[in-house]
């Protein structure tokens, strides 16, 4: 195993640079957050740069992956959940699998716990993790990567899931310093494991803060600099999703996406407007409307603020 | 597996009650902290109550276990490190093993990482965890509980360590509410796993705070109420060890213990003074000297304070 | 299709599910309508109910509606904020009492399909591709007991689901779950928009337990594709009380979870949405 | 026993070990004197050295002396405070460059014993029972490279240690570590109070590389219980500079780590200790 070479150097760059440098055609990706704090801005940039034949390994990450499927860039999905929660099913995903439009995405079904164990395994540099999920289900019938054993200590059936080691992890955090120490408030999903599991890690963040600010609350540093290759300042980088302490979920915007994407034409129009029609995330924010973004910020801060 | 029955009820009790109710002769114990934040006051109470034939499963926990060996209460040690760091070797432990005084304690050698994986396994309700520690070493020659396999995914040698499920875990935290939600600042050791691995859990704490205070920084709640059976208010409960944000390590007191314990008579005199000679932890604090304890608090707070 | 009823079926589903949750328990809730059940239970009869979301949120206070388990709202007033794998670990370690799951298909032994409706096709070429397990399989595998929420439709109640996403009692044979290696106890109720079903402790077969007002046994049987057994004394659920309907309204002032697109269209813009949510915040719980 | 030397051996050991640590690297340090090496390296030539303690502290600023890896001082000014198992996970995942380990016995292939000196007895009845692995085995198994610190004594440098607590190059055969399944690179130096040893890249055998001023090859060989090879050009270490000695003094103003009981006896009471530590804090780094 190659020992890690990443140091506490200045890793700041633009989103375009980070995507261009680390994402290649055919790459396997994962994303931080958990249907909240997903780095949506990253995916828009991936689509703008047309990186293709991608595989995503993730738990529940529809806002991101439905766009990738619709844009024709996702070759394979190894994941657990592809839906919009209370909003309904995922329109591009359904169209792809049911009708082959614009092509048929390859799917490998997992569960959230199993995926989280795959990242924990890789984070600990282990070949697998055991889990008691999936036993007795048809997930095992179609997913050949899981091995069911009688465990050698207690003799019970146990599922072993292989480590997941994506080429790149994109993780959006509330605060980071320029060397890549990242702090998360709110739920942390599987982010602390994903950053250790992936070969390359890009942090996007709401705020870049001095190292001394990180040290003030060192218990919240879920991501040490030595896991990180790039730090990108992307305020509102999760919109229309929420970012704890920064902005609330934009259910109306998400709903609008969901309705437009019900037809292929509607989705392409949406993509033209909000992705291809924006040179970068700044233009996206302007198009969404800064007043709208600040209204969501105001809403969130009535409920959750970062401790001073 | 019996489903958990612990609820968010008032679990406050005295240290004497907690030890009397949960520790039985022959019990297997583990303790929180990691050569810092160890709950020393708990062990004094265990000695006062004369709970015997104990097994301790732990990583590095000398301040606690050396007293138990000297007091004749520790039957077996399953652990990784039994020494006083920069102060030297553990006097009662050495005397027990080298000379059988006052008896010979049974020892099962592990490593810190392996012990931490044993607690992680139990916390996740798994029969074992894999690790790449201990391979090639003589630890495996004498420790029959470790199984070395060729892993079924990548074909490499891998050590499997069995879950550790002690009868009781005692964990000292900075803050807890009366239902058992516990918050830790500074390093967290293996505490978040130990509370999930043990059948019964007693939290001792520097401060009891209202639930609303816990919710203000919910990311620091390493221990949810549903793992906890008892909450005990024991300020300075780690002395002479340190407690991050509350008091610094008392190297002089530790040094004095270490020197006295070099002879059996010296240790027994120490035990008479500081354990048998104190009815409870309050009396211990008085004997150590409140001015001394507050000096250590003053020292610590020049370096580390809990964020407001 | 629906007959005229003195209640909105989705509301009745949320309320009847809420009644399955007892004060002091810990409930692991899934996505969508299942979220509502936990919230209204907390408001109505279970103030000490602890809600857990798979994103890593433990013990939130519900001041605004969640559309997903990972919305920042899921963290409002939480007691512990942690990781996904940790709460799944706690689930597997039998710390959680009850789970609430949605389903697209259910079978007579309580197995759930939320992966794909095969139709004329198969797993690889399904008629309808559904979201997949998410945390559903994990919850159904390990939680103390499971409550399943779904609408009654003919194609949804089957002798055998197309695909077992989440195990119920598997083939119904004794100890089938334990033999498979599962930690949790399995489903105890299927709450629908017309009736509540339970499971026979011996045969593990689903039976009709409670009808909603105005629904008949024959109507229920017409939706079920096996010879449905019924309780010796079929109960009738009471109509929702004013208090219950008020709790639902407080939990989702814009009716956005039940009302979906139609309700969203009633909202002028984000500013109105923000105002509505904040009003719920300050005058709510 | 010791000859008169122009330096304190323990100081020289800490300084020579510190020189093994390069700026920008991540070092995983053990207990006792090994702690000092990281601290003085940070003060002297490696300001961007990241120190990791197995208790779960990453990137502390060293403002006061640590007696243990779990003292609250280990957390002073840390960048990340986390769990024991997490830093061991990061160790196993090859994130850490170099580890520093103490030892009671070492053998010609760099295997370490810190568990028990058997003497006339065995593992179960040893002459001296030592603390055991702690994190030593874990560090030596997985870190990029290992630096071993120990005093030179005849009984400590052996062809084969009584008990391999921490693997070096095992039996010295090619790829022995990889075949055993180990992630880390193995030992690169043994730093003692009289000389520094290194390992032949082909045979993995320890050889004499650097003598301290005033020490002869014959003296070194008299401590070593195998036919010790030497570097073609044996180097001589420079005497400690004033700056280096000042750094050691700053790192441990009371000389409590090197001086032990004797130094502790010089301190009147806790108040003097507190004052001394705070003086180091404000005038130190």
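The values are calculated or read from the model by the stated rules, or taken from the named source; none is laboratory data. In this text, all values refer to a predicted model and were calculated from it rather than measured experimentally. Ideal geometry is used to build each Cβ from the backbone, glycine not excepted, and the neighbour counts take in all protein chains shown.
Can you name the residue in region B:298-308 that is outside any loop (DSSP other than H, G, I, E, B) and surrounded by fewer than 20 Cβ atoms within 10 Å (Cβ to Cβ) and, of all such residues, is nearest to the other protein chains (Cβ to nearest Cβ)?
The qualifying residue nearest to the other protein chains (Cβ to nearest Cβ) is B:298.
Given the condition on the phi > 0 side of the Ramachandran plot and in contact with a helix residue (DSSP H, G or I) (Cβ under 8 Å, 6 or more places away or on another chain), answer yes or no: does some residue in region A:22-35 qualify?
The answer is yes, given that some residue of region A:22-35 is on the phi > 0 side of the Ramachandran plot and in contact with a helix residue (DSSP H, G or I) (Cβ under 8 Å, 6 or more places away or on another chain).
I'm told residue D:232 meets every condition in (1) farther than 26 Å from residue D:43 by Cα; (2) within 14 Å of chain B (Cβ to nearest Cβ) except one. Can you identify the failing condition by its number?
Condition not satisfied by residue D:232: (2).
Is there any pair linking a residue in region B:107-121 that is assigned to a loop (DSSP other than H, G, I, E, B) to one that is modelled with pLDDT of 95 or more and surrounded by fewer than 24 Cβ atoms within 10 Å (Cβ to Cβ), with Cβ under 7 Å and at least six apart or on different chains, and which?
Correct list of pairs: B:110/B:78; B:110/B:143.
Looking for something closer than 30 Å to residue B:303 by Cα, without any contact (Cβ under 8 Å) to a residue 40 or more places away in the chain, part of a helix (DSSP H, G or I) and in contact with a helix residue (DSSP H, G or I) (Cβ under 7 Å, 6 or more places away or on another chain) - is there at least one such residue anywhere in region A:221-238?
no
I'd like to know if region A:199-215 contains one or more residues that are touching a helix residue (DSSP H, G or I) at 6+ places or on another chain (Cβ under 7 Å), within 14 Å of chain C (Cβ to nearest Cβ) and either crowded, with 24+ Cβ neighbours inside 10 Å or under 26 Å from residue C:52 (Cβ atoms) (or both).
Within region A:199-215, not a single residue is touching a helix residue (DSSP H, G or I) at 6+ places or on another chain (Cβ under 7 Å), within 14 Å of chain C (Cβ to nearest Cβ) and either crowded, with 24+ Cβ neighbours inside 10 Å or under 26 Å from residue C:52 (Cβ atoms) (or both).
Picking from B:135, B:203, B:158, which residue would you name as being outside the structural domain of residue B:77 (by TED's automatic domain parsing) and in a strand (DSSP E or B)?
B:158
Is it true that some residue in region B:284-292 is modelled with pLDDT of 95 or more, closer than 30 Å to residue A:215 by Cβ and assigned by TED's automatic domain parsing to the domain that holds residue B:176?
Yes, because at least one residue in region B:284-292 is modelled with pLDDT of 95 or more, closer than 30 Å to residue A:215 by Cβ and assigned by TED's automatic domain parsing to the domain that holds residue B:176.
Which residue, of A:59, A:38, A:25, A:66, is away from chain C (no Cβ under 14 Å) and either crowded, with 22+ Cβ neighbours inside 10 Å or free of Cβ contacts under 8 Å to residues at least 60 places away in the same chain (or both)?
On the way: A:59 fails: away from chain C (no Cβ under 14 Å); A:38 fails: away from chain C (no Cβ under 14 Å); A:66 fails: away from chain C (no Cβ under 14 Å).
It is A:25.
From B:124, B:140, B:73, grab the single residue that is more than 10 Å from chain D (Cβ to nearest Cβ) and surrounded by fewer than 24 Cβ atoms within 10 Å (Cβ to Cβ).
B:73
Is it the case, given these coordinates, that residue A:129 is surrounded by 24 or more Cβ atoms within 10 Å (Cβ to Cβ) and under 17 Å from residue A:198 (Cα atoms)?
The answer is yes for residue A:129.
Conditions: (1) over 20 Å from the mean Cα position of the chain (by Cα); (2) away from every other protein chain (no Cβ under 14 Å). Residue D:198 meets all but one. Number of the miss?
Here residue D:198 meets the rest and fails (1).
Could you please give the count of residues in region D:150-185 that are under 17 Å from the mean Cα position of the chain (by Cα) and away from every other protein chain (no Cβ under 14 Å)?
Result for region D:150-185: 5.
On the given criteria, is residue B:171 more than 7 Å from chain D (Cβ to nearest Cβ), in a helix (DSSP H, G or I) and in contact (Cβ under 8 Å) with a residue 24 or more places away in the chain? Outline the logic, then answer.
Details: more than 7 Å from chain D (Cβ to nearest Cβ): yes; in a helix (DSSP H, G or I): no; in contact (Cβ under 8 Å) with a residue 24 or more places away in the chain: yes.
No, not satisfied.
Which of the residues belonging to region C:224-244 are surrounded by 14 or more Cβ atoms within 10 Å (Cβ to Cβ) and out of contact with any strand residue (DSSP E or B) (no Cβ under 8 Å at 6 or more places or on another chain)?
Residues satisfying the conditions are C:239, C:240, C:244.
Here is a check on your reading of the model: is residue A:252 away from chain C (no Cβ under 12 Å), in a helix (DSSP H, G or I) and either within 21 Å of the chain's Cα centre (by Cα) or at pLDDT 95 or above (or both)?
Details: away from chain C (no Cβ under 12 Å): no; in a helix (DSSP H, G or I): yes; either within 21 Å of the chain's Cα centre (by Cα) or at pLDDT 95 or above (or both): yes.
Answer is no for this residue.
Tell me the residue from D:247, D:251 that is at pLDDT 90 or above, at negative phi and surrounded by 15 or more Cβ atoms within 10 Å (Cβ to Cβ), please.
D:247
With the checklist (1) more than 30 Å from residue C:61 (Cβ to Cβ); (2) within 14 Å of chain C (Cβ to nearest Cβ) in hand, flag the one item residue B:239 doesn't pass.
It is condition (2) that residue B:239 fails.
Just the residues that are under 19 Å from residue C:33 (Cβ atoms) and in contact (Cβ under 8 Å) with a residue 40 or more places away in the chain, please, taken from region C:186-209.
If the condition is that a residue be under 19 Å from residue C:33 (Cβ atoms) and in contact (Cβ under 8 Å) with a residue 40 or more places away in the chain, then C:187, C:188, C:189, C:190, C:191, C:192, C:193, C:194, C:195, C:196 are the ones that fit.
In contact (Cβ under 8 Å) with a residue 24 or more places away in the chain, out of contact with any helix residue (DSSP H, G or I) (no Cβ under 8 Å at 6 or more places or on another chain) and part of a loop (DSSP other than H, G, I, E, B): which single residue out of C:183, C:161 fits that description?
The conditions single out C:161.
Does residue B:268 satisfy being crowded, with 20+ Cβ neighbours inside 10 Å and at pLDDT 95 or above?
no
Whether any residue in region B:174-196 is over 20 Å from residue C:82 (Cα atoms), within 13 Å of chain D (Cβ to nearest Cβ) and touching a residue at least 12 places away in the same chain (Cβ under 8 Å) is what I want to check.
No: region B:174-196 contains no residue that is over 20 Å from residue C:82 (Cα atoms), within 13 Å of chain D (Cβ to nearest Cβ) and touching a residue at least 12 places away in the same chain (Cβ under 8 Å).
Being assigned to a loop (DSSP other than H, G, I, E, B) and surrounded by fewer than 23 Cβ atoms within 10 Å (Cβ to Cβ) is the filter here, so list the residues in region C:106-126 that pass it.
If the condition is that a residue be assigned to a loop (DSSP other than H, G, I, E, B) and surrounded by fewer than 23 Cβ atoms within 10 Å (Cβ to Cβ), then C:118, C:119, C:120, C:121, C:122, C:123, C:124, C:125, C:126 are the ones that fit.
Taking region A:255-289 on its own, how many of its residues are in a helix (DSSP H, G or I) and within 12 Å of chain C (Cβ to nearest Cβ)?
Here the count works out to 7.
Scanning region B:143-164 for residues that are without any contact (Cβ under 8 Å) to a residue 60 or more places away in the chain and in contact with a helix residue (DSSP H, G or I) (Cβ under 8 Å, 6 or more places away or on another chain), which turns out nearest to the other protein chains (Cβ to nearest Cβ)? Give the derivation first.
From region B:143-164, those without any contact (Cβ under 8 Å) to a residue 60 or more places away in the chain are B:143-163; that's our starting set.
Going one step further and asking which of them are in contact with a helix residue (DSSP H, G or I) (Cβ under 8 Å, 6 or more places away or on another chain), we end up with B:146, B:148, B:157, B:159, B:161-163.
Details: B:146: 11, B:148: 8, B:157: 3, B:159: 8, B:161: 9, B:162: 5, B:163: 8 Å.
Once the filter is applied, the top-ranked residue is B:157.
Helices (runs of 4 or more DSSP H) wholly in region D:1-99 with at least 3 residues that are crowded, with 20+ Cβ neighbours inside 10 Å and away from every other protein chain (no Cβ under 11 Å) - which ones?
Numbers: elements: D:9-18, D:33-44, D:84-92.
In region D:1-99, D:9-18, D:33-44 are the helices (runs of 4 or more DSSP H) which contain 3 or more residues that are crowded, with 20+ Cβ neighbours inside 10 Å and away from every other protein chain (no Cβ under 11 Å).
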